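Beneath this line is the structure, given in structure tokens, with notes to follow.
The values are calculated or read from the model by the stated rules, or taken from the named source; none is laboratory data. The shown structure was predicted, so the numbers you read here are calculated from the model rather than taken from an experiment. Cβ placement follows ideal geometry from the backbone for every residue including glycine, while neighbour counts extend to all protein chains displayed. For the accessible areas, the whole protein counts, side chains as well, though only heavy atoms, and no ligand, DNA or RNA atoms are used. Shrake-Rupley method; radii C 1.70, N 1.55, O 1.52, S 1.80 Å.
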Amino acid sequence: MTMRDNEPTTAPATPHIPSPAEMAAEVMGGHKPHASPAVRSFARELGVDLALLQGSGPHARITFADVKRYVRSVVASRR
Amino acid sequence: MSATSPQSDTALIPAIATDADPEETREWLDALEAVIEKVGPERAHYLIEQLIQMGHRTGINIPYSATTEYINTIPADQQPKAPGNYEIEHRIRSYVRWNAIAMVLRANKDDSGLGGHIASFASAATLFDVGFNHFWRSNAEGNGDMVYIQGHSAPGVYARAFMLGGLTEQQMDNFRREVDGNGLSSYPHPWLMPDFWQFPTVSMGLGPIQAIYQARFMKYMQDRELKNTEGRKVWCFCGDGEMDEPESMGAIGMAGREKLDNLIFVINCNLQRLDGPVRGNGKIIQELESDFRGSGWNVIKVVWGSYWDQLFAKDKQGHLRQRMMEYLDGDYQTLRARDGAYLREHFFNTPELQAMVADWSDEDIWRLNRGGHDPHKLFAAYSAATHHKGQPTVILAKTIKGYGMGGSGEAQNITHQQKKMDTASLKSFIERFDLPIADADIESLPYLKFAEDSPEFKYMMERRQSLGGFVAKRKRRVDPLPVPALAAFDALLKGGGAGREFSTTMAFVRALMLLLRDEALGKRMVPIVVDESRTFGMEGLFRTIGIWNQEGQKYTPVDAGEYSFYKESKNGQILQEGINEAGAMADWIAAATAYSTHGVQMLPVYVFYSMFGMQRTMDLVWAAGDQRSRGFLIGGTSGRTTLNGEGLQHEDGHSHVLSATVPNCISYDPTFAYEVAVIVQDGLRRMVAEQQDVFYYLTVLNENYEHPPMPEGNDVAADILKGMYSFRKGSEGKLKVQLLGSGAIFCEAMAAAELLKNDWGVEADLWSCPSFTELARDGHETERQNRLHPGATPHVAHVTKCLAPTQGPVIAATDYVRLFADQIRPYIPHDGRRYVVLGTDGFGRSDTREKLRHFFEVDRYWITLAALNALADGGEIPHSTAAAAITKYGLDPNKPNPTTV
């Protein structure tokens, strides 16, 4: 049985191809807090979970100041 | 596949074992992921670039990887919607496919052994069709695109021309049957089909290198305001196997450096060469991607067809991409020679991949197509390529060799040579492409054509009309320009005067200067050099006409302020190719065919080191002949003994034997300045004024000697052109010889005439023979003419005509192998006279000219000895006289034959 030639004649419906953002989220296992490696290292030293923070930088990037502010607020709340 | 292989590893996190601080790694990668997600891939790219730059600045040696993933460069959701009616185009293409097969099968039906190729075009049909329908503007008038068609795909181009009414059924049946006229050449050959084909491409590798230089020559024409070439493109189709030829890739760096954004390569990556896979153990597309990107090209990969898109949509984890990358070309080939079940089992081999196609039938899987067979993907790639600025583009299109041939050829190792298909295969081909051929008619292999009032025919015509006419159409001539009369070269005709010595190279350069100042031709001259201008005394031209460089001259040349400084400029005239004979030859061909490709007569003059011209680039010279080139090739520093000192690899004693093999190449080995002038002027007459498709090869010398004025006489100029003229008659005498010579060795013959007269009382007539090759051709033609017209008044060859009234043996000496002057032996009058040829057979070596001429036995003493011996053999003098000459001139009778040492 011969198959008909299958060169696509009508323009194929364009499926949604996963964007790099979607792929990054998938491959790396979920949505990561937006922070630089240096801030990540700083947060790790202080034992801060960045997932709990709201960033104040562009695109809600978490800054050093955000981490410090968070630590201060936690410490203050424990007093 | 090893996790450390940089090309194949798509896992983002390196193996723990090789990672000294996984926590730190994780933080960096998490940070990057967040940037990709929150800000976007462009920002992520910028950061990565900054990191790499920082690395470079601090001296970390970061190797550069120029490959991307094994997927299409243009993602499905960024691909423009292709205009056109693709159902109609598919029907048209199916007919083209059939006709291309039918013509090859018909040509081989009767075991005539004519050959032909089915599988190459089968893999390339869609690549061509998208170009024909949507991109290529006709160059019939020298204003369109120049398309270098892959040679083995010629049947597809014929099939299309046939359907458009450009070729008849009879011509189709004469594929590879050209001798009786009205035939179609096996491959693109402008010599054989001068109104049809523009570019010969089938000597593998010559298409690509010529296309690159063609594209740059377009920029030259534009910069010099000789032709507006804005928007015109050069398209070059080549095979992936063809890329192994050094010529294919040898100039891609130049194309990148020169930013040839008018150049598009389409490489048909069907993964197969003649005998087997191109890169069974690797990936030709990835290899070519890094080669081209590293050379500054824009690379567009068209690997996968539209049917894969829905799988890419599901591939959020990158498993499919990873599998695509790790799978080998040899295995990809095997996949397409099997079926859907095999493909499912061997390609979709992990649970994740199996899940992707779990609800697909084997037929669905088999339908997964390659990018080069998808007109939508190709349109997107071609469109991106034509709009790309600042770089040449290469499109790497993955295809299947023998596409559509089914079990009898598709993706089989034997497919390239296949020129027969059994009835069952044909039947399934007909079914597959839905062709209107009844079973009973299959054996007769009917050609298919759409009626002129059919939508398909109208569509084809409308597409071509909107693109300016047919692609397969070649312009043959332009309006002739006036050429200077011989008198314009007066300075060369009257000689240098007593005591003034110079070389024929200098004479040629003077002729070139005159032409550069000529009102009509000056601008049309294209001097081409390969870094040897100073060798030939041409450096004065640098300042006067400048070296062309698109970028001008941004630096201060070291010799700025000197009289002939190294001047590069945007409107410069010289093409300086560096040490690059193949490139210069490709340049020369582009200029030498500009009358056809641009409709502008140009006159290229390529001056090379004669040993590195014909011998080094002979295949391009042959292609130049095929292409009906017009221009001058100048072999400088020629002659085995005249170029002293340089030795074995440099001393040319055979380029004239090679040039003689090209039928439309006219070769000369002149001795004197006036000969150069006569030859150059006549070349202009033939090539420019009369639009003859010939080109000239002149060897010129670097030996300085006196140049006499041109001898008086009505026939001298005409005889120079025929290749032999009377330079000086000896006195009347009982003993006479005829001395012939060319180039520098003719001066030795002149000296021998003196020795013969003074030492031995023998008079000599001197004949300068600027072209033994033209003499031989005239002899061949005469002989043939007489053979075909028995009983008619016989024609007489020029050599015979010159020598018949003379007396005495004939001695010829040149700076070339004996074969060169021996060509005229049959035309020496058949009156019992000896014809003795001296030449420089053997390997050259370093020494003075005198020593070398003695070594090769072509100097005045050896000529004298040869003349005396010939007289003795003819019984005119005793042999003891010849023996006396050996003693007198100190010649060693036991000297080894020069060819043996």
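Residue B:848: open to solvent by less than 20 Å² (accessible area, probe 1.4 Å) and among the polar types (S, T, N, Q), yes or no? No; evaluated as a whole, the condition is false for this residue.
The residues listed here are A:53, A:46; of these, the one that is surrounded by fewer than 13 Cβ atoms within 10 Å (Cβ to Cβ) and more than 8 Å from chain B (Cβ to nearest Cβ) is A:46. Filtering region B:376-414 to residues that are surrounded by 22 or more Cβ atoms within 10 Å (Cβ to Cβ), under 27 Å from the mean Cα position of the chain (by Cα) and hydroxyl-bearing (Ser, Thr, Tyr) leaves B:382, B:393, B:399.
Screening residue B:22 with (1) within 9 Å of chain A (Cβ to nearest Cβ); (2) farther than 30 Å from residue A:11 by Cα; (3) at pLDDT 85 or above; (4) open to solvent by less than 90 Å² (accessible area, probe 1.4 Å) gives one miss only, at (1).
For region B:708-748, enumerate the residues that are assigned to a helix (DSSP H, G or I) and either more than 30 Å from residue B:532 (Cα to Cα) or at pLDDT below 95 (or both). Give the derivation first.
As a first pass, look at region B:708-748 and keep what is assigned to a helix (DSSP H, G or I): B:716-722, B:745-748.
Of everything in region B:708-748, those that are assigned to a helix (DSSP H, G or I) and either more than 30 Å from residue B:532 (Cα to Cα) or at pLDDT below 95 (or both) turn out to be B:716, B:717, B:718, B:719, B:722.
Whenever a residue of region B:19-30 is outside any helix (DSSP H, G or I), its partners that are of a type outside the set (Asp, Glu), lying with C-beta atoms within less than 6 angstrom and at least six residues away or across chains, give the pairs B:19/B:25.
The number of residues in region B:661-678 being surrounded by fewer than 24 Cβ atoms within 10 Å (Cβ to Cβ) and either closer than 18 Å to residue B:496 by Cα or of a type outside the set (Val, Ile, Thr) (or both) comes to 3.
Residues are listed down the side, and each one gets a yes or a no for (1) open to solvent by less than 10 Å² (accessible area, probe 1.4 Å); (2) closer than 27 Å to residue B:859 by Cβ; (3) touching a Pro at 6+ places or on another chain (Cβ under 7 Å):
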| site | (1), (2), (3) |
| --- | --- |
| B:731 | no, yes, no |
| B:763 | no, yes, no |
| B:771 | yes, yes, no |
| B:779 | yes, no, yes |
| B:803 | yes, yes, yes |
| B:810 | yes, yes, no |
| B:813 | yes, yes, no |
| B:819 | no, yes, no |
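Would you check if there is a residue in region B:126-144 being charged (D, E, K, R) and within 14 Å of another protein chain (Cβ to nearest Cβ)? Yes, region B:126-144 contains a residue that is charged (D, E, K, R) and within 14 Å of another protein chain (Cβ to nearest Cβ).
Among the residues of region B:753-768, write down those that are in contact with a Gly (Cβ under 9 Å, 6 or more places away or on another chain) and touching a residue at least 60 places away in the same chain (Cβ under 8 Å). Show your work before the answer.
Taking region B:753-768 and keeping what is in contact with a Gly (Cβ under 9 Å, 6 or more places away or on another chain), we get B:753, B:756-757, B:761-768.
If the condition is that a residue be in contact with a Gly (Cβ under 9 Å, 6 or more places away or on another chain) and touching a residue at least 60 places away in the same chain (Cβ under 8 Å), then B:756, B:762, B:764, B:768 are the ones that fit.
What residue, among those in region A:1-32 that are under 30 Å from residue B:93 (Cβ atoms) and more than 7 Å from every other protein chain (Cβ to nearest Cβ), is surrounded by the most Cβ atoms within 10 Å (Cβ to Cβ)? Out of the qualifying residues, it is A:13. Please tell me if residue B:605 is of a type in the set (A, V, I, L, M), surrounded by fewer than 21 Cβ atoms within 10 Å (Cβ to Cβ) and in contact (Cβ under 8 Å) with a residue 60 or more places away in the chain. So residue B:605 does not fit the description; no. Restricted to helices (runs of 4 or more DSSP H) entirely inside chain A, those with at least 3 residues that are more than 21 Å from the chain's Cα centre (by Cα) are A:64-78.
If you scan region B:25-67, which residues turn out to be of a type in the set (S, T, N, Q) and exposed (fewer than 15 other Cβ atoms within 10 Å of the Cβ)?
Restricting attention to region B:25-67, the residues satisfying the condition of being of a type in the set (S, T, N, Q) are B:25, B:50, B:53, B:58, B:61, B:65, B:67.
Passing the criteria: B:50, B:53, B:58, B:61, B:65.
Scanning region B:210-230 for residues that are open to solvent by 10 Å² or more (accessible area, probe 1.4 Å) and assigned to a helix (DSSP H, G or I) gives B:216, B:219, B:222, B:223. Has region B:76-96 got at least one residue that is more than 13 Å from chain A (Cβ to nearest Cβ), of a type outside the set (Gly, Ala, Ser) and surrounded by 12 or more Cβ atoms within 10 Å (Cβ to Cβ)? Within region B:76-96, not a single residue is more than 13 Å from chain A (Cβ to nearest Cβ), of a type outside the set (Gly, Ala, Ser) and surrounded by 12 or more Cβ atoms within 10 Å (Cβ to Cβ). Scanning region B:284-319 for residues that are buried (at least 20 other Cβ atoms within 10 Å of the Cβ), more than 14 Å from chain A (Cβ to nearest Cβ), part of a helix (DSSP H, G or I) and among the charged types (D, E, K, R) yields one hit, B:289. In the set (1) more than 16 Å from residue B:47 (Cβ to Cβ); (2) open to solvent by less than 30 Å² (accessible area, probe 1.4 Å); (3) within 9 Å of another protein chain (Cβ to nearest Cβ), residue A:39 fails one condition alone, (1). Filtering region B:682-707 to residues that are outside any helix (DSSP H, G or I), more than 20 Å from residue B:494 (Cα to Cα) and open to solvent by less than 40 Å² (accessible area, probe 1.4 Å) leaves B:691, B:693, B:694, B:695, B:696, B:697, B:698, B:699.
With respect to the conditions (1) within 12 Å of chain A (Cβ to nearest Cβ); (2) at pLDDT 85 or above, residue B:11 falls short on a single one, namely (2).
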